[in-house]
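One structure below.
The values are calculated or read from the model by the stated rules, or taken from the named source; none is laboratory data. Because the structure is predicted, anything quoted here is derived from the model rather than measured. Virtual Cβ from ideal backbone geometry, glycine too; neighbours counted across all protein chains shown.
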Amino acid sequence: MLERILIPLDGSATAEAILPQVALILKRKDSEVILARVVNVPLSYRVDMARAIAEERLRAKSYVRDLAGKLAGDGVRARAEVLEGSAAESLLDLAERERVGLIAMTTHGRSGVSRWMLGSVTEKVLRGSQLPMLVVRNAAAP
């Protein structure tokens, strides 16, 4: 079940807070970690947005590659994936395509109006996945 673990990241310390929670699992020699970052590309974007989107892709790739390299230095088999599109849908597609056994992620812990307005990627993944999930609310979240 834990041969492949998907860890979605958004570049925040809140998202990275899942890493210490799965530290023991990450040390297993038969486990591979997939660190994923989704770049949200609007369905219709102007030509002048193309440069900004390309720069965001590069930042996302650099971020997950650096983190995967750090984990590899600690003896963890890790690789980086950068996806485009809707975060929840992209992550669910990746989980299915890669046949992951666990999705581990944090939640910002929003509630009320802010959750309604912003949505919750974690909740959408949780509702859309039939895989086991480890979801941790960041204690520092508002």
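Structure notes:
- For Leu92: the one exception among (1) modelled with pLDDT of 80 or more; (2) surrounded by 15 or more Cβ atoms within 10 Å (Cβ to Cβ); (3) outside any helix (DSSP H, G or I); (4) not basic (Lys, Arg): (3)
- Where Leu35 falls short, out of the listed (1) part of a helix (DSSP H, G or I); (2) touching a Pro at 6+ places or on another chain (Cβ under 9 Å): (1)
- When residues of region 44-59 are limited to those that are surrounded by 11 or more Cβ atoms within 10 Å (Cβ to Cβ) and either of a type in the set (S, T, N, Q) or touching a strand residue (DSSP E or B) at 6+ places or on another chain (Cβ under 8 Å) (or both), the one modelled with the lowest pLDDT: Ile53
- Residues that are of a type outside the set (Asp, Glu), surrounded by 11 or more Cβ atoms within 10 Å (Cβ to Cβ) and outside any helix (DSSP H, G or I) were ranked within region 22-32; the one that is modelled with the highest pLDDT is Val22.
- Selection of region 95-141 for residues being in contact with a Pro (Cβ under 8 Å, 6 or more places away or on another chain), at pLDDT 70 or above and either surrounded by fewer than 17 Cβ atoms within 10 Å (Cβ to Cβ) or more than 14 Å from Leu9 (Cα to Cα) (or both) yields Gly101, Leu102.
- The residue that is surrounded by the fewest Cβ atoms within 10 Å (Cβ to Cβ), counting only those in region 1-17 that are within 14 Å of the chain's Cα centre (by Cα) and under 14 Å from Val100 (Cβ atoms), is Arg4.
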